[in-house]
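Shown next, in structure tokens, is the structure this report addresses.
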């Protein structure tokens, strides 16, 4: 249903070349409002390049990107962030020497356009604390609100990154490999957290862990060599012979982990 309110983000013939090499080619992507949409594919499939195009860190060579029916192909990262496209899980997502609460407060300040008003009094900033604590409650971090972020275990840092992303009031959250480098317990915890915070929001995620994708993604787009190989539900794509071949291995007709 292209161009309707059902579609929040759409690309048409999206492409990116680097010195003649097509990293992304002719990608047509349609993300439904309120869905968790996963972008998967073997290493080198073009997932990261695609994400960088969508978040405007790269300019497309060809094609167009629309968000809420508006062409954002040539807009800057700050412009699309103001419109509600927020990317999480970047290296600089949290400040390690601030407390957990202060990190979320920085996210709230960014949303208010007061990101660098560090000279404001503590009393003024504490007005944001109620909202910050509510966000920490949403991701299960109220017990460590006053803890210095550097002291948190890896999985809880990722939960904090989700809270700082939520502070920006995203209409569309882009999650870049949210469970990468995690042990089984943290993977499960963060997967459940994504499921919880996705209620009433739209999520587009790049993810390697097929168990995560199978358990929470409403729709999956499979990339191979920069192009869309398949799209559909997990059941659809996991039984697709071309997809199974791309991942070089099958288990009872199911995808193996795509590390």
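The rows are residues; the columns are (1) over 16 Å from residue 41 (Cα atoms); (2) outside the structural domain of residue 28 (by TED's automatic domain parsing); (3) free of Cβ contacts under 8 Å to residues at least 40 places away in the same chain.
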residue	(1), (2), (3)
183	yes, no, yes
200	yes, no, no
203	yes, no, no
209	no, no, no
217	no, no, no
221	no, no, no
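When you look at residue 167, is it within 22 Å of residue 95 (Cβ to Cβ) and either at pLDDT 95 or above or touching a helix residue (DSSP H, G or I) at 6+ places or on another chain (Cβ under 8 Å) (or both), yes or no?
On the way: within 22 Å of residue 95 (Cβ to Cβ): yes; either at pLDDT 95 or above or touching a helix residue (DSSP H, G or I) at 6+ places or on another chain (Cβ under 8 Å) (or both): yes.
Yes, satisfied.
Checking each residue in the stretch 24-68 for being modelled with pLDDT under 95 and over 18 Å from residue 87 (Cβ atoms) picks out 41, 42, 43, 44, 45.
Within the stretch 65-78, none of the residues are part of a helix (DSSP H, G or I), in contact with a strand residue (DSSP E or B) (Cβ under 9 Å, 6 or more places away or on another chain), farther than 24 Å from residue 156 by Cβ and in contact (Cβ under 8 Å) with a residue 60 or more places away in the chain. Criterion applied to 231, 207, 161, 169 was being surrounded by fewer than 19 Cβ atoms within 10 Å (Cβ to Cβ), under 24 Å from residue 31 (Cα atoms) and in contact with a strand residue (DSSP E or B) (Cβ under 7 Å, 6 or more places away or on another chain), and the one residue passing it is 231. Cβ-Cβ contacts under 7 Å between residues 6 or more apart (or on different chains), taken from a first residue in the stretch 14-42 that is in the same structural domain as residue 230 (by TED's automatic domain parsing) and on the phi > 0 side of the Ramachandran plot to a second residue that is surrounded by 22 or more Cβ atoms within 10 Å (Cβ to Cβ) and not in a strand (DSSP E or B), are listed as 41/47. Run down 187, 203 and say which single residue is closer than 26 Å to residue 49 by Cβ, modelled with pLDDT of 95 or more and either touching a helix residue (DSSP H, G or I) at 6+ places or on another chain (Cβ under 7 Å) or outside any helix (DSSP H, G or I) (or both). Exactly one of 187, 203 is closer than 26 Å to residue 49 by Cβ, modelled with pLDDT of 95 or more and either touching a helix residue (DSSP H, G or I) at 6+ places or on another chain (Cβ under 7 Å) or outside any helix (DSSP H, G or I) (or both), namely 203.
The values are calculated or read from the model by the stated rules, or taken from the named source; none is laboratory data. This is a predicted model, so every value here is computed, not measured. Please note: Cβ atoms are built from the backbone with ideal geometry, for glycine as well, and neighbour counts cover all protein chains shown.
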